[in-house]
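Trainee: This structure is in structure tokens; I'll ask about it shortly.
Just so it is clear, none of the values below were taken in a lab; they were calculated from the coordinates. Remember, it's a predicted structure, so these values are computed and weren't measured experimentally. Neighbour counts run over all protein chains shown; Cβ positions are idealised from the backbone, glycine included.
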């Protein structure tokens, strides 16, 4: 899955699109919102998200700094056999909606499955249209960042920058 945020007793799971958006759009509201949620101990993560985000630092020193200041202190959600099996079920479920709907990044299925496995009080916080599609079809609670970003004058999220399928 990705990360989760505690907001009024609700855990918000968050994926790499938020980390990447905050890193790449420093002059916007997103880094501040992420920092507020980090400071409030509202964020948790999982290995797939960390692997994706931690490929960004330019060198070992920067990666170690990120690890020590942020990642080491987070709560970690498990990516076990149940989550991986559910990721495959989600892929098949999306495939049965419309032709090609399942053609999305594999990490997004894992992230959504981890969020779902974390329980009913978890909401997946993301800025990724692929995750929106997966969560909507599967009924996974999520907080997409698209509208808030658009209102702030940011049209494309990290998912669109990757060449992600739009839904």
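Trainee: Full-extension gain between residue 106 and residue 151, please, as 0.36 nm times their residue separation minus the C-alpha to C-alpha distance.
Mentor: Values: separation 45, 0.36 × 45 = 16.20 nm, distance 2.93 nm.
Contour length minus Cα-Cα distance gives 13.3 nm.
Trainee: Quick one: which of 128-141, 48-61 comes out on top by average Cβ neighbours within 10 Å, and what's the full order, highest first? Don't skip to the end; give the middle numbers.
Mentor: Details: 128-141: 21.2, 48-61: 14.8.
Packing proxy ranking, top to bottom: 128-141, 48-61.
Trainee: Another question about this same structure. Mind putting together the pair-distance distribution for segment 3-161? All Cα pairs, 10 Å bins, whole percent per bin, short to long.
Mentor: Over segment 3-161, the share of Cα pairs per 10 Å bin runs 11, 41, 36, 11, 1 percent.
Trainee: Let me test this: with uniform point scatterers at the alpha carbons of segment 34-104, what is the Debye-based log₁₀ I(q)/I(0) at q = 0.16, 0.19, 0.20 1/Å?
Mentor: Debye intensities relative to I(0), on a log10 scale: -0.76, -0.88, -0.91.
Trainee: Still on this model: Grab the beta carbon distance between residue 71 and residue 39, set R0 = 22 Å, and tell me the FRET efficiency rounded to 0.05. Intermediate results must be reported in sequence, preceding the final value.
Mentor: Numbers: r = 15 Å, r/R0 = 0.68.
Using R0 = 22 Å, I get an efficiency of 0.90.
Trainee: Same structure, new question: Residue 84 to residue 136: extension gain in nm, 0.36 nm per residue of separation minus the Cα-Cα distance? Don't jump to the answer; show the numbers that get you there.
Mentor: Working: separation 52, 0.36 × 52 = 18.72 nm, distance 1.89 nm.
Working it through step by step, the gained length comes to 16.8 nm.
Trainee: If each residue of separation counts as 0.36 nm, what is the full-extension length gain between residue 96 and residue 23 once their alpha-carbon separation is subtracted? Mind showing how you got there, number by number?
Mentor: Working: separation 73, 0.36 × 73 = 26.28 nm, distance 3.54 nm.
Full extension from residue 96 to residue 23 adds 22.7 nm.
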